[in-house]
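Notes follow once the structure below has been shown.
The values are calculated or read from the model by the stated rules, or taken from the named source; none is laboratory data. Worth saying up front: this structure is predicted, and the values here are computed from it rather than measured. A quick note on method: Cβ atoms are made from the backbone with ideal geometry, for glycine too, and the neighbour counts reach across all protein chains shown.
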Amino acid sequence: MAGKDDRSDTILHKGLIPARQALQLVLEGAAPAAQEVVALDQAAGRVLAADLAARRTQPPFPASAMDGYAVRHEDIGSVPLTLAIIGEAAAGHPFKGTIGEGEAVRIFTGAPVPAGGDTIIIQENTEAQGGSVRILEGTGRGKFVRPAGLDFREGDVLLGAGTVLDAQSLSLAASMNHASLAVWRRPKVAVLATGDELVLPGETLREGQILASNTFGIRAIAAGAGADVLDLGIARDTLDDLITRIGRAFDEGADLVVTSGGASVGDHDLVKPAMEHFGFTFSFVKIAMRPGKPVMFGRAKIGGRERRFLGLAGNPVSSLVSSHIFMRPLVRLMGGHPADAVAPVPALLGEALPENDEREDYLRATLRRDGEGKLIATAFARQDSSMLATLSKADCLIIRPVHAPAAKAGESVPVVLLRHV
């Protein structure tokens, strides 16, 4: 750990660094920490940690796909004809006997096809006549019979490691006879607001105080990315309070600590020395981006494993934009999600944009689809970083690289999606 008077040696990149380089540094080496086994009904949205093979064959027996009569195909060569009904088969209640010459079994969808039978005559093509059935129309051999293993067979690997478990894959896992699944552990993200001026919504504001809003959004983004979130509250502007609250995060197993406010490196910004107390080395402390210049990122080994830190600006828009750009992809990777899960997507400009300066811009914008289904992104006219209401209306962030030339309407630009359109 650096000395009290000069800790600049804890910063690897001391000047402004490009936003894309900063993202590379944030994501470098990020990977799931550990596996855990969870019940199937707790696995939605989780990421499968190992290949999953079927423990059974589906269907496990030849099954009827329709309501009707199970027959031997050789008995229906000439129709109409009459067969004797010797029993009934329903789902969960199979017929125990064997269909012989001139016989049929009343059968319902999902029921096992009785021994001796190989074809289903749907009930619309029959007439029941007491203990017999008249077959009015014939059909091909095996018609409306689902053979055993039609869907899959025992031992088939149907869900690969890295699968994000959605409704379809969870239903499949259940059909494969898995009551629990090995998934990657959710990363634990601790979120801390800093500043004597902050009070929680609903509290009485004194002169000079403001409402703490940033961490509500930061926690929501983290949870949406798949994290277990720990709220560390509001730290006062003292080194002791910061150290106490951050220490609690590591005591409770946090993989990532995210702070809002105090992210600059002036004499009154205490977040950096508080993190240095825990042995953190910083990859960078400021980024050539707008909004969100004062962003810090660091790493340290605590309790035998790596912990990460993101220090975000106190400006609400800056903190939320930085959370989308840096925290969300980091949390996704730490939870086992694919690396491209939050990658920018192309869109066409709805209106022209002027040339950009030396800081990469993330412009709040709306999205719509044109008649061909292409995304059209239109930036808000005012991009002041104090305007949280504008961010709440935005569907995406248009990325404007450093010194990007003026762009015309209809040109392709990369956008970071904030919501699906």
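Odds and ends about this structure:
Residue by residue, here is whether (1) crowded, with 22+ Cβ neighbours inside 10 Å; (2) not assigned by TED's automatic domain parsing to the domain that holds LEU136; (3) not aromatic (Phe, Trp, Tyr) holds:
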residue	(1), (2), (3)
ASP51	no, yes, yes
TYR69	yes, no, no
ARG72	no, no, yes
GLY77	no, no, yes
ILE85	no, no, yes
GLY97	no, no, yes
THR109	no, no, yes
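- Test: ALA39 is more than 20 Å from GLY224 (Cα to Cα), at pLDDT 95 or above and exposed (fewer than 13 other Cβ atoms within 10 Å of the Cβ): yes
- Qualifying residue in region 401-412 (condition: closer than 22 Å to PHE326 by Cα, outside any loop (DSSP other than H, G, I, E, B) and not assigned by TED's automatic domain parsing to the domain that holds ALA19): no
- Scanning region 356-382 for residues that are assigned to a loop (DSSP other than H, G, I, E, B) and either more than 16 Å from GLY410 (Cβ to Cβ) or of a type in the set (A, V, I, L, M) (or both) returns ASN356, ASP357, GLU358, ARG359, PHE380, ALA381, ARG382.
- Filtered by the rule that a residue be of a type in the set (A, V, I, L, M, F, W, C), closer than 28 Å to ARG307 by Cβ and without any contact (Cβ under 8 Å) to a residue 60 or more places away in the chain, region 169-202 gives a lone residue, LEU200.
- Qualifying strands (runs of 3 or more DSSP E) (wholly inside region 86-175; at least 1 residues being of a type in the set (Ser, Thr, Tyr) and modelled with pLDDT of 95 or more): 119-122, 126-129, 132-135
- Members of region 275-311 that are more than 11 Å from ILE17 (Cα to Cα), aliphatic (A, V, I, L, M) and over 28 Å from the mean Cα position of the chain (by Cα): MET275
- Counted residues, region 244-278 - those being modelled with pLDDT under 95, crowded, with 21+ Cβ neighbours inside 10 Å and of a type in the set (D, E, K, R): 1
- Within region 22-65, considering residues that are among the small types (Gly, Ala, Ser) and not in a loop (DSSP other than H, G, I, E, B), the one nearest to ASP156 (Cα to Cα): ALA53
- Here region 140-167 is the region considered, the condition is being charged (D, E, K, R) and farther than 30 Å from GLU36 by Cβ, and the residue that is surrounded by the most Cβ atoms within 10 Å (Cβ to Cβ) is ARG146.
- Any chance ARG134 is surrounded by 14 or more Cβ atoms within 10 Å (Cβ to Cβ) and either outside the structural domain of LEU232 (by TED's automatic domain parsing) or farther than 29 Å from ASP41 by Cα (or both): yes
- Members of region 283-303 that are of a type outside the set (Ser, Thr, Tyr) and part of a strand (DSSP E or B): PHE284, ILE287, ALA288, MET289, ARG290, MET296, PHE297, GLY298, ARG299, ALA300, LYS301, ILE302
- Flag if ALA389 is small (Gly, Ala, Ser), over 30 Å from ALA44 (Cβ atoms) and either touching a strand residue (DSSP E or B) at 6+ places or on another chain (Cβ under 6 Å) or surrounded by fewer than 14 Cβ atoms within 10 Å (Cβ to Cβ) (or both): yes
- Matching residues in region 335-356 - criterion: being under 21 Å from MET289 (Cα atoms) and in contact with a Ser or Thr (Cβ under 9 Å, 6 or more places away or on another chain): PRO346, ALA347, LEU349
- Meets criteria (within 22 Å of ALA227 (Cβ to Cβ), touching a helix residue (DSSP H, G or I) at 6+ places or on another chain (Cβ under 8 Å) and not acidic (Asp, Glu)) for VAL295: yes
- Scan of region 377-421 for residues that are among the charged types (D, E, K, R), more than 24 Å from ARG20 (Cβ to Cβ) and within 29 Å of the chain's Cα centre (by Cα), ordered by number: LYS393
- For region 341-355, a residue qualifies if it is at pLDDT 95 or above and either part of a loop (DSSP other than H, G, I, E, B) or out of contact with any strand residue (DSSP E or B) (no Cβ under 9 Å at 6 or more places or on another chain) (or both), and the qualifying residues are GLY350, GLU351, ALA352, PRO354, GLU355.
- From ILE121, ILE210, residue being over 30 Å from VAL229 (Cα atoms) and touching a residue at least 12 places away in the same chain (Cβ under 8 Å): ILE121
- Of all residues in region 296-321, those being within 30 Å of GLU36 (Cα to Cα) and of a type in the set (Gly, Ala, Ser) number 5.
- Residue selection: ALA31 satisfies the criterion of being within 30 Å of ARG299 (Cβ to Cβ) and under 50 Å from the mean Cα position of the chain (by Cα).
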